[in-house]
Each structure stands twice: as C-alpha cells, then as structure tokens.
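The values are calculated or read from the model by the stated rules, or taken from the named source; none is laboratory data. Owing to the predicted nature of the structure, the values given are computational and were not obtained by experimental measurement. FYI the Cβ positions are ideal-geometry reconstructions off the backbone, even for glycines, and counts take in every protein chain you see.
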Amino acid sequence: MAQYWQKPGVNLVGEYQVAGHILVHTGSSNVVNLNFLGKSITPIASTNIYFYDVNNNEHSLTSVPAGTRIEGKFIKYKCSGSAVVEVTSIPASQYIHPLSASIKS
C-alpha cells in the first residue's frame, strides 16, 4: 500500500507546512542553489540576504536583524552572514518560480 503514496510536490500543502529540514548556512559571497524548496531563512547575526527569481533578478533585504525569520518559497539565495535555512522535501525542479515583475503590478 505504501508504494502508492503521493510524493511531496508543490501542490501538497501539508508537506510544505510541516517540512523543516535544517541547513546551516555559514555565510559566503556565493549564490546558493537549493536542491529542495526553501521555506524560511533566519540569520544568526545581522546580515544582508538576497533572493533570486527565475531570471536571476536580485532582490535584497539589508541589515536583517539576528533571529528574524523570513518565510517564503525560494530555491536560490545569497547570505553574507550565518543563517539557518529551513528546507522542504519538495524537489526544486517541481517549483516554478515566478518572475518578480509578474507578482507586482
């Protein structure tokens, strides 16, 4: 019976809501491409966080205070300081990241 269970995917709300695999990011100037959909990022010390859309447009949050949890869906980010990233079991390949320009009017 277990062989017929649905695999985690973007349309599986429960998986997104309860998932929380922890990835400790030690900080670097490199862009991180996640293999699984990110759910949140919490800086350990005040830092800048950058998110990227499907066309690699950069969107930054500057001087994010330590302990501020930022929730949302992301698969590509950069964080200059240490942070804790919460990752789901949803493969990044199943997530279609919208263009930032299409989200706002």
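Please go through (1) within 16 Å of residue 26 (Cβ to Cβ); (2) touching a helix residue (DSSP H, G or I) at 6+ places or on another chain (Cβ under 8 Å) for residue 75 and return the number of the only condition it doesn't satisfy.
Condition not satisfied by residue 75: (1).
Please count how many residues of segment 82-95 are at pLDDT 90 or above and either touching a helix residue (DSSP H, G or I) at 6+ places or on another chain (Cβ under 8 Å) or more than 9 Å from residue 39 (Cβ to Cβ) (or both).
Here the count works out to 3.
Scan segment 66-105 for residues that are free of Cβ contacts under 8 Å to residues at least 12 places away in the same chain and acidic (Asp, Glu) and jot them down.
Correct list: empty.
In segment 39-59, which residues are in contact with a strand residue (DSSP E or B) (Cβ under 7 Å, 6 or more places away or on another chain) and under 13 Å from residue 74 (Cα atoms)?
As a first pass, look at segment 39-59 and keep what is in contact with a strand residue (DSSP E or B) (Cβ under 7 Å, 6 or more places away or on another chain): 39-44, 46-52, 58-59.
Listed by number, the residues that qualify are 39, 40, 41, 49, 50, 51, 52, 58, 59.
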